[in-house]
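One structure below.
The values are calculated or read from the model by the stated rules, or taken from the named source; none is laboratory data. Predicted model, so just to flag it, every value in this text is computed and none were measured. Glycine gets a Cβ as well: all are built from the backbone with ideal geometry, and neighbour counts include every protein chain shown. When the accessible area is computed, the model is the full protein with side chains, heavy atoms only, and any ligands, DNA or RNA have been set aside. Shrake-Rupley method; radii C 1.70, N 1.55, O 1.52, S 1.80 Å.
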Amino acid sequence: MADKKKSLLPADARPCVWMTAGIVAYKICDHDFDCENCPLDAGLCGRETLTPAPEVEAEVPSELFEIPSDRLYHASHTWAQPFDRNQVRFGIDSFAAHLLSRASSVVLPAEGTVVQQGRVGFWISEDTRLVPLISPVTGRVMKRNQQVQKSPGLVAESPYGQGWLLEVDCPDWASQRRRLVEADRLQQLVRRQMATFRKRVSRFVDQPDQAVGPTLADGGEPLTDVRRILGPKRYRRLILQFLR
């Protein structure tokens, strides 16, 4: 039976000692037999791993830092852009779009409603869980982008273009803009917060009930999607730390 299992491996593959022992069905060693620092070995032996779990979502999309300079930004990752007398259009920035990349619905206030700067102004459903987002300005809603309500994915795909959310009448724009920041300041904030986000994801993965870290469900690709590793409730709790 052991010979049959080994014959399924590539010629240059090195089977994990736990596979050789018959404890797991299929696992290739990717720690150069350094079992003391292997998350899988730690999980099976009931001890804590000595090294961090594998990094999750190592690739950071470059567009995350391509922030238009023709508008102003709220620290809770929404933007505001004046386009006519007292008229301001707003939406979410690229960092929020990255965190909400699975937007399934958008809930916008009715026309005539007054939204308040720094308070919840609308909601985006991420994997069926509503996430409240902050209005960057105070004003009366004049127009809603019906396109994003029909195609919610636009808020993530085109946050600065077709994915805009509301147009509001904002007679106090000159005063309110002083509470917003320009693109270069937001870019600095996004870089810091992205680093913090990845560290917090790693801490979640390193918790005892996640000791094995990203796992091989069927001997195939590791699970590297943050939502699948943390679960929707924990992922929502995490992203809310950056969107308030």
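Taking the stretch 82-105 as the region of interest, how many residues are open to solvent by 10 Å² or more (accessible area, probe 1.4 Å) and either within 10 Å of Ala156 (Cα to Cα) or in contact with a helix residue (DSSP H, G or I) (Cβ under 7 Å, 6 or more places away or on another chain) (or both)?
So the answer is 7.
Do any strands (runs of 3 or more DSSP E) entirely within the stretch 111-169 hold 3 or more residues that are open to solvent by less than 40 Å² (accessible area, probe 1.4 Å) and farther than 28 Å from Val226 by Cβ, and if so, which?
Values: elements: 120-126, 129-134, 139-144, 166-169.
Ranges flagged: 166-169.
Return the residues of the stretch 59-118 that are β-branched (Val, Ile, Thr) and under 13 Å from the mean Cα position of the chain (by Cα); say none if nothing qualifies.
The answer is Val60, and nothing else.
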